[in-house]
Amino acid sequence: MQVNFGMQEVNNQRIGIGIFARHLITELVQYPDLTCSGHAFLTWHTRPQSFSRFPFPTKISLIPARWMYSPHRSLLPVSMRRICRSSSDIYLYFNYKLPRARLDGKVISTIHDLIPLKTEMENQSVKADYLAYIRDAISRSDDILTVSECSKRDILTYFPISEERIHVIPNGVDFARFHTPVHPERLKEVRKKYHLPEKFILYFGSSRKHKNVTSVLKSYAKVQKAVRDSVKLVITNGSEPLRQLAGQLGIESDVRFTDAVDDRDKAAFYQLASIKLFISLYEGFGIPVLEAMAAGTPVIASNVSALPEISGDAAWLVDPLDTDGIAFAVESVLADDALRQDMIQKGFLNAKAWSWRRAGEKLHACLMHLND
């Protein structure tokens, strides 16, 4: 079977789509019944060497990506066979953005979540573009991938598509990367680099509205002062409104805001933390939950969207808007060593279950079925 991958985001280290694409491509190229290739469109940073780590050819078209991925542009009078200079049985896209060209093989696209539809967005124009992309993907794809049963239910609720066309291919976690103890000297370097306190609760992620970081701050403000004196709060990618909120709550001296964390420092960050807080209002999956669990960090997560599905019995689940309940969970996990150890051990088992190999096996089976 000839499979051609959309490679546009595959080198983006900071987005879930890039992680999803890289790992699943790595799994699929190991199957001898697949002949793989890829394509990408021109951007200012697109270079042939960007794709040299993948063991198949990637065709970089001189057509600008901003033209090929505009959701409101009519289809161009050109086929993907001509763009790629070869034909493929299946075109596989790891996101919901399809190129504005004729797709002359079977098509699989991926809808990871419905965040712009399920939550309030910072920019309302994002929702209109998102809807245009999603409708186009559903209309031009033979099958759709998504990452959780929760996201599958949401897609079926919002769009007229048959259940048989949607396949759940979950994210995974590189268990060994996060589980392997980071050398003590390296931990010291990371602590110094980001000015991390001796003990801290960690919020690791962006500051977008659906991430609910305001509730992280409000909950921490309700933690007993004696606890706050010894266990601080660390928030990555902090924004000015969040810093102002910390000041209004009177906890600015107990909160450390960091800039973006280098990917090489992530495992150390998790292993240094006493608790990982992930109380989003909506998630299609929740990779940070599994990363923290693999690292041996107890997780307090939301009881909504896909997070219960991903967390299993290994996290303390909370109402993301119940700041009193979140503060109680934080105090309980910090105070009860037996509870902490139980959560850590269950977290290890849960994280191990979400492997990229398992996801690759499911995707390979999906491709075989589609090609029947």
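With viscosity 1.002 mPa s and temperature 20 °C, the Kirkwood radius over alpha carbon pairs of segment 12-86 converts through Stokes-Einstein to a diffusion coefficient of 152 µm²/s.
Accessible surface calculations at 1.4 Å, restricted to protein heavy atoms, place segment 213-372 at 39 Å² per residue. Between 139, 305, 219, the GNM of the chain built on Cα springs shorter than 10 angstrom shows 139 fluctuating the most.
Taking the Cβ-Cβ separation of residue 332 and residue 42 as r and a Förster radius of 51 Å, what is the calculated FRET efficiency to the nearest 0.05? In this case the efficiency is close to 0.45. Compared with the direct C-alpha span, the chain from residue 368 to residue 252 gains 36.3 nm at full extension, assuming 0.36 nm per residue. Placing dummy labels 7 Å off each Cα toward the beta-carbon, the span from residue 132 to residue 63 is 1.7 nm. Residues in segment 344-349 carry Karplus couplings, in order, of 5, 5, 5, x, 4, 4 Hz; the curve used is 6.51 cos²θ - 1.76 cosθ + 1.60 with θ = phi - 60°, and Gly or Pro positions show x.
Loop sites here are trypsin sites (Lys or Arg not before Pro) outside DSSP states H, G, I, E and B with no more than 12 other Cβ atoms within 10 Å. The longest part of the chain free of them is 86-372.
In order along segment 160-171, the phi-based Karplus estimate (6.51 cos²θ - 1.76 cosθ + 1.60, θ = phi - 60°) of 3J(HN,Hα) comes to x, 9, 6, 4, 5, 8, 10, 10, 8, 10, x, 5 Hz; Gly and Pro are listed as x.
Net charge of the neighbourhood of residue 146, taken over other residues with C-beta under 14 Å away and scored Lys/Arg +1, Asp/Glu -1, is -3.
Quick check: net charge around residue 28, other residues with Cβ under 12 Å of its Cβ, Lys/Arg +1 and Asp/Glu -1? In short, 0. What is the angle, in °, between the Cα long axis of helix 184-193 and the longest principal axis of the Cα atoms in the chain? Nearest 10 is fine, range 0 to 90. The helix 184-193 is inclined about 90 degrees to the chain.
Shown for the chain: the carbon plus sulfur share of the solvent-accessible area, taken with all protein chains present and a 1.4 angstrom probe, equals 51%.
In segment 44-161, the ratio of gyration radius to Kirkwood radius, Rg to Rh, stands at 0.98 when only Cα atoms are counted. Compute the acute angle (0 to 90°) between the alpha-carbon long axis of helix 213-222 and the principal axis of greatest extent of the alpha-carbon atoms of the chain; round to the nearest 10°. The angle comes out at about 10 degrees.
A convex hull fitted to the Cα coordinates of segment 293-349 yields 64 cubic angstrom per residue.
Between residue 1 and residue 161, the simple label model (points 7 Å from Cα in the Cβ direction) yields a spacing of 1.8 nm. A 1.4 Å probe run over the protein chains yields, for segment 58-114, 45 Å² of accessible area per residue, whole-number rounding.
Structure note, pairs 192/276; 193/222; 97/127; 192/232; 218/276; 118/209: Cα-Cα distances above 23 angstrom occur for 193/222. Mind telling me which of 257, 159, 54 comes out most flexible in a GNM of the chain, alpha-carbon contacts under 10 Å? Of 257, 159, 54, the most mobile in the Gaussian network model is 159.
Per-residue Karplus couplings for segment 96-107, computed as 6.51 cos²θ - 1.76 cosθ + 1.60 with θ equal to phi - 60°, are listed in order as 9, 9, 9, x, 7, 9, 6, 9, 9, x, 6, 10 Hz, Gly and Pro entered as x. Database remark: amide H of residue 94 closer than 5 angstrom to the amide H of 6 (H placed geometrically; neighbours at sequence offset of 5 or more, or on other chains; Pro and chain starts carry no H). May I ask for the net charge around residue 269, where only other residues with Cβ less than 11 Å from the Cβ of residue 269 are counted and Lys, Arg are +1 while Asp, Glu are -1? After counting each charged neighbour, the total is +1.
Between the helical axis of 16-28 and the longest alpha-carbon principal axis of the chain there is an angle of about 60 degrees. When the Gaussian network model of the chain links Cα atoms closer than 10 Å, the mean-square fluctuations of 31, 282, 96 top out at 31.
The values are calculated or read from the model by the stated rules, or taken from the named source; none is laboratory data. Since this is a predicted model, take the numbers as computed values, not measurements. All Cβ positions, even for glycine, are placed from backbone atoms using ideal geometry, and neighbour counts span all protein chains on display. Quick note on the areas: whole protein, heavy atoms, side chains included, nothing else; ligands and nucleic acids left out. Shrake-Rupley method; radii C 1.70, N 1.55, O 1.52, S 1.80 Å.
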